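Since the structure comes first, as structure tokens, the remarks are kept for the end.
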Amino acid sequence: MKATLKIAVEKLVNSILRAEPPNMKRLFAGATDTGCVRSANQDSYYIDPEGRFFVVADGMGGHAGGEVASQIAVDSIRDCLEAIWSVESDPQKLMQDAIDKANQAIINDQAANPVRSDMGTTIVILLFRDEQPWYCHIGDSRLYRLRGAKLEQISDDHTWIARAIQTGVVNPEDAKSHPWRHMLLQCLGREDLKSITAREIEWQPGDRFLICSDGLTEELSDDRIAHQLKSIRNGQQAAQSLIESAKLRGGRDNITVVIVSNELNQNA
């Protein structure tokens, strides 16, 4: 009896190991909005049409400076990744080269246009190599992962307030209204920019990634974001719904949302 049971279990395990993985497809969508208060949109984003990489940037440095910085960053990163994608397989090298190019491009523009000398931008890059997601980021634009009903912040904010919370100087509740909560410790457009670290992210069938500027997270709680991401399965509709919800709650900043979903391919 025991021998028969053992054989049955072994057959079951072997069949699971030999089973083909589910055929998944990557769906993606994005949207951006000026919001209800600002007169211009200083956010920029890019979605690779092939779904290889996704970029969100939130610029700063005055009306013209922020717009220029974020657009330079997104354009430089896109051009760099497209140029070296087929010859460079290491995600760390891919993203470091792209970040370095973007940073230098902003610095060059600052030098050529002193009126924009204080401009800079946050950045989040999410890319896929052999179906494995990787990311890097600078500043306080965020990457989240929705799994089931749970929303997890994957990136950590490069801000004074985030460090103050970690060290116990400020409690999380007070941080929500602290006057220094937007003070960045790092941004693109600085000579002393530190090297980035590319990080792998686990993802499973049904997971969703959300990349966003802080115009979204300043207005909506994580629970509210999770509810809308889970309940609205169409990516474009979910992105627009999140933006509209943020605007209904004040829309004090520009709002950018990119959603990447790992969905079962029903046509496979």
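Values quoted throughout were computed directly from the atomic coordinates according to the rules given, and no laboratory measurement underlies them. Note that the structure is a prediction, hence the values are computed from the model and not measured. Neighbour counts run over all protein chains shown; Cβ positions are idealised from the backbone, glycine included.
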- Task: Provide, for the chain, the number of lysine pairs with alpha carbons under 17 Å apart, each pair being eight or more places apart or on different chains.
- Result: 5
- Out of residues 5 or more away from ARG129 or on other chains, whose amide H comes under 5 Å of its own, with H placed 1.01 Å from N in the peptide plane? TRP134
- Going by a ≥ b ≥ c, the root eigenvalues of the Cα gyration tensor, does the stretch 145-219 fall in the rounded group (a/c under 1.5), the prolate group (a/b larger than b/c) or the oblate group? oblate
- How would you order 118-127, 76-85 from highest to lowest mean count of nearby Cβ atoms within 10 Å? 118-127, 76-85
- Message: I need the phi-derived Karplus couplings for the stretch 209-221: 6.51 cos²θ - 1.76 cosθ + 1.60, θ = phi - 60°, integer Hz, Gly and Pro marked x.
- Response: 9, 10, 10, 8, 7, 6, x, 7, 6, 6, 9, 10, 6
- Name the residues whose placed amide hydrogens come within less than 5 Å of the amide hydrogen of THR159, ignoring near sequence neighbours (fewer than 5 apart) on the same chain. LEU185
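Grab the beta carbon distance between LYS230 and GLN92, set R0 = 25 Å, and tell me the FRET efficiency rounded to 0.05. Walk me through the intermediate numbers first.
On the way: r = 32 Å, r/R0 = 1.28.
Computed FRET efficiency for LYS230 and GLN92 comes out at 0.20.
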- Listed by chain and number, the residues whose amide H is under 5 Å from that of ARG190, excluding neighbours fewer than 5 places away on the same chain and using placed H, are none
- Item | ³J(HN,Hα) computed for each position of the stretch 145-151 - Karplus, 6.51 cos²θ - 1.76 cosθ + 1.60, integer Hz, glycine/proline x | 10, 9, 10, x, 9, 9, 9
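How would you order 40-52, 251-263 from highest to lowest mean count of nearby Cβ atoms within 10 Å? Don't skip to the end; give the middle numbers.
Working: 40-52: 18.5, 251-263: 23.5.
By packing density, highest mean first, the sequence is 251-263, 40-52.
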- Query: Where is the GNM fluctuation largest for the chain (alpha-carbon springs, 10 angstrom cutoff): CYS36, CYS136, CYS212?
  - Reply: CYS36
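Between ALA83 and GLN132, what length comes free when the chain is fully extended (0.36 nm per residue of separation minus the Cα-Cα distance, one decimal in nm)?
The span from ALA83 to GLN132 would gain 15.6 nm if fully extended.
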- With springs only between Cα atoms under 10 Å, which of ILE211, ILE138, ILE154 fluctuates most in a Gaussian network model of the chain? ILE154
- Rounded to the nearest Å, what's the spacing between the alpha carbon centres of the stretch 127-163 and the stretch 51-68? Just the number, please. 17 Å
- Alpha-carbon gyration tensor eigenvalues x 5, square-rooted, for the chain, Å: 36, 22, 18
- Query: What ³J(HN,Hα) values, in whole Hz, does the Karplus curve 6.51 cos²θ - 1.76 cosθ + 1.60 give for the stretch 129-143 when θ = phi - 60°, with x put for Gly and Pro?
  - Reply: 10, 6, 6, 9, x, 10, 8, 8, 7, 9, x, 10, 6, 10, 10
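So what is the calculated 222 nm ellipticity per residue for the chain, using -39500 (n - 2.57) for each DSSP H run with n of 4 or more, over all residues, to the nearest 500 deg cm²/dmol? Show your work: numbers first, answer last.
Details: 8 runs with 101 residues, N = 268.
Result for the chain, helices only: -12000 deg cm²/dmol.
Select from the stretch 160-200 those GluC sites (Glu not before Pro) which occupy a DSSP coil region and have at most 13 other Cβ atoms within 10 Å, ordered by residue number. Don't jump to the answer; show the numbers that get you there.
Numbers: sites: GLU173, GLU191, GLU200; in loops: GLU191.
Sites meeting the loop and neighbour criteria: GLU191.
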- Item | Simple Cβ-charge dipole of the chain, Lys/Arg +1 and Asp/Glu -1, about Cα centre, in debye nearest 20 | 1040 debye
- Message: List the trypsin sites (Lys or Arg not before Pro) within the stretch 139-169 that DSSP assigns to loop and that have no more than 14 neighbouring Cβ atoms inside 10 Å.
- Response: none
- Likely footprinting exposure, ASP58, ASP33, fewest C-beta neighbours within 10 Å first: ASP33, ASP58
